[in-house]
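**Student:** Sharing a structure, written as structure tokens. Questions coming.
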Amino acid sequence: ATFGTLSDRLTETFRNLRTKGKLTPADVDGTVREIRRALLDADVALPVVKEFTAKVRERALGDEVNRALNPAQQVVQIVNEELIAILGGEQRRLQFAKNPPTVIMLAGLQGSGKTTFAGKLSRQLAKDGHTPLLIAADLQRPNAVNQLQVVAERAGAAIYAPEPGNGVGDPVKVSRDGVEYAKQKQHDIVIIDTAGRLGVDAELMKQAANIRKATDPDEVLFVIDAMIGQDAVNTAKAFQDGVDFTGVVLSKLDGDARGGAALSVASVTGRPIIYASTGEGLDDLEAFHPDRMASRILDLGDILTLIEQAQQAFDEEEALKVAEKLATEQFTLEDFLAQMQQMRKMGSMKKMLGMLPGMGSMKQQLDDFDEREIDRTEAIIRSMTPAERRNTKLLNGSRRLRIARGSGMTVTDVNQLVQRFDQAAKMMKTVARGGVPNIPGMGPI
Ligand code: GDP
């Protein structure tokens, strides 16, 4: 998948640092060199790589010391923060006009995924209670209007298109008329799908610039295929010069792209990535979060998504209690048990585990994952006394034996559970304090 190789190589680089008690300048240089190579092999643009590695090097050698982390973890934290920075920093949401309709214009090469994205976006907006209108301003490709019609129908969105058989038509006029039509019919959002070419060309740019001038959009979204690798930067720059845009949509992030486009475009153009398109289905669209993407690349697991999902499934009260527990560091096996029960509500356990740190390399184990594991865990915890659940330090050998007998498990099962719980509790505390969680295999924080 996208970023797979990059992730593996960065993880490997950090693993090599794990045993170091102290980082020497030579360690830092070696690590930075490996990061540099990994990024270049992932098709990240050279200027971006240079700036990135220079910053990481400077900070890792500087006296910025965080005593809570070991040296390897400090490097991971620096790399994480710099990754977030080149991905655009803060999440940027779609901006709506004060006076509807909000006009969103799409631009990009042919095949970049504009029409598909138009469908996905209108569906998402419609779900949120908006009344989007799609304007078919791609009059270049013979089948484009038809394609948009199909997409609009599937997405449950309205469409404005020139009459079929009316000759080629003028995309600027169609766009302008479409916006007028939206006002009349009280659509609060307009999405203009424009024509692309296979390569950047002057006429295409002029047409797009004219549509922009005629419709004064609130957002111009540049759609770029994550698979195009090193070409991404030149294409993005050409569109920035020719039309300019307010945000970027990365498409086909579900493919085998090495990720370079994603890592270069925001930094090179100074424009934020707003959406990631991750499949051919109408629902395969995600708001882009630079911090989550960085965590994914570093294989830290998508902890925020995990916590969010957990919170959705939890009763609010329950979530509040857990948050308080985490803050006061009193997370116990009883809470663990309560969480397990909540987790059942969340459906796919595999998906949950897949978002936990370090699980990227544990696909096989995930596939072997068995829902009965929860039953066994529950049985063990239920065989403990309340005092034991609150304080695992009480669990000496004879208590563990009693619990094993009571639950029908072995002492090894009990030991494993207690060990796993202690690790989880430690990780959750770190996350609750806003820190970087321990990466399995890198030693305790
Ligand atoms: P346009 O020419 O820019 O309008 O591009 P299209 O929307 O027609 O997309 C071109 C091709 O890419 C189509 O076959 C789409 O199904 C496919 N496509 C678009 N977005 C995605 C995506 O996020 N993932 C995958 N796998 N395919 C996509």
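The values are calculated or read from the model by the stated rules, or taken from the named source; none is laboratory data. No experiment lies behind these values; they were computed from the predicted model shown. In this analysis, Cβ positions are derived from the backbone assuming ideal geometry, glycine residues included, and neighbour counts consider all displayed protein chains.
**Student:** Please determine whether any residue of the stretch 313-326 is modelled with pLDDT of 80 or more and away from the ligand (no atom under 16 Å from the Cβ).
**Tutor:** Filtering the stretch 313-326 for residues modelled with pLDDT of 80 or more gives none.
No - not one qualifying residue is present in the stretch 313-326.
**Student:** Starting from residues that are more than 16 Å from the ligand (Cβ to nearest atom) and not in a loop (DSSP other than H, G, I, E, B), keep the ones in the stretch 164-173 and report whichever is farthest from L221 (Cα to Cα).
**Tutor:** Of the stretch 164-173, the ones more than 16 Å from the ligand (Cβ to nearest atom) are 164-170, 172-173.
If we keep only those that are not in a loop (DSSP other than H, G, I, E, B) too, we end up with 172-173.
On the way: V172: 17, K173: 20 Å.
Of everything passing the filter in the stretch 164-173, K173 is farthest from L221 (Cα to Cα).
**Student:** Considering only residues that are farther than 22 Å from K213 by Cα, modelled with pLDDT under 90 and not charged (D, E, K, R), which ones fall in the stretch 157-180?
**Tutor:** Initial filter on the stretch 157-180 (farther than 22 Å from K213 by Cα): 157-158, 163-167.
Then drop every residue that is not modelled with pLDDT under 90, which leaves 163-167.
If the condition is that a residue be farther than 22 Å from K213 by Cα, modelled with pLDDT under 90 and not charged (D, E, K, R), then P164, G165, N166, G167 are the ones that fit.
**Student:** Would you mind finding the one in I403, I374 that is modelled with pLDDT of 85 or more, in contact with a helix residue (DSSP H, G or I) (Cβ under 6 Å, 6 or more places away or on another chain) and surrounded by 13 or more Cβ atoms within 10 Å (Cβ to Cβ)? Show your work before the answer.
**Tutor:** Values: I374 fails: modelled with pLDDT of 85 or more.
Only one candidate qualifies: I403.
**Student:** Looking at the stretch 174-187, is at least one residue under 29 Å from the mean Cα position of the chain (by Cα) and within 16 Å of the ligand (Cβ to nearest atom)?
**Tutor:** no
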